[in-house]
1. How do the pairs read when you match residues in the stretch 240-268 that are more than 19 Å from R58 (Cα to Cα) and open to solvent by less than 60 Å² (accessible area, probe 1.4 Å) with residues anywhere that are aromatic (F, W, Y) and not in a strand (DSSP E or B), using Cβ under 9 Å and keeping only pairs 6 or more apart or on different chains?
2. Failed condition for D141, given (1) buried (at least 16 other Cβ atoms within 10 Å of the Cβ); (2) among the acidic types (D, E); (3) over 21 Å from P34 (Cα atoms), with all others met?
3. Assess whether V178 counts as being open to solvent by less than 60 Å² (accessible area, probe 1.4 Å) and not acidic (D, E).
4. Can you name the number of the only condition in (1) under 17 Å from the mean Cα position of the chain (by Cα); (2) outside any loop (DSSP other than H, G, I, E, B) that P226 fails?
5. If I filter the stretch 154-173 down to residues being modelled with pLDDT under 90 and among the small types (G, A, S), which single residue comes out as most open to solvent (accessible area, probe 1.4 Å)?
Amino acid sequence: MPDQHAPSPVSHTVEPSSVRVVHDAPGARLGITPPTQDGWRLAADMAVGPHLIGPDGRTAVGGLGVLIDEVLGYAVMAGLGPDAWSISTELWLDVVGALPSDGRLFADGTSLQHGSFAVGGVADAQGRLVASTRQRGRRIDFDPAGAERRPADVPAGPSGDLAALLGVELQRTGARLVVDEQHVNPRGFLHGGVSFAVCELAATAARVAAGSTLATSSIHVVHTRPAPLGSVAEVVVRPTFTARSLQVSEVSMLVDGRLCASARVSAQ
């Protein structure tokens, strides 16, 4: 489909490197196509359906987390040199259109600051922009060769809503997640897009429990520490502003009492 939401042209001083796309379990679990590269631009898409429904009955904004983290993360890597790897330190999404309840979503990401910052968007099947996205990343020492997660460890297909699909235990003011093979990136740590999803699901569940009908409009997640395979992530939601037309929540994800991710979720 034509790219109708690409950022303004940037004067690049280096040539993009070919990225090594590594199959991972979260992408397979959510049915995300392997990202493809065209110069500085990376793109991927995914199906939308009942498996992406959130606690408020809408398509969950958090359900886009893995999709945007994949395309933006590889867009960052395009400026790092051959076979380099990066991790996401910050991930943003702003909703600018109605998320569909079926069909497909198409995401892209383009490097703006080589090796550290990428921007992009998500469009529906008609090419309408529904979300604006960006990511800040950091290079790490990691060899992606041979790092694919085992396909046999990925459940066969979607079942239930997004919380059920990801195995998230939602609570009135938070959530709990046991990090297993379906949640981790090629390095064996909780995928940044999954932590994004869990934080947004928890914030939405807390709003619903408090009687709010507002929809998530933006989310900003800062990843502070990796959550390894086998760990238990405890999520706490704290509303910081509540009104009829706007609510802001701070979300903390903790493993063994240590902060792994901090998110601000707005709804309006």
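1. A261/F196; A263/F196
2. (1)
3. For V178, the condition - open to solvent by less than 60 Å² (accessible area, probe 1.4 Å) and not acidic (D, E) - is not met.
4. Answer for P226: the failing condition is (2).
5. A156
The values are calculated or read from the model by the stated rules, or taken from the named source; none is laboratory data. Please read these numbers as outputs of a predicted model, since none were measured by experiment. All Cβ positions, even for glycine, are placed from backbone atoms using ideal geometry, and neighbour counts span all protein chains on display. Side chains are part of the model used for accessible areas, which takes the heavy atoms of the whole protein and leaves out ligands, DNA and RNA. Shrake-Rupley method; radii C 1.70, N 1.55, O 1.52, S 1.80 Å.
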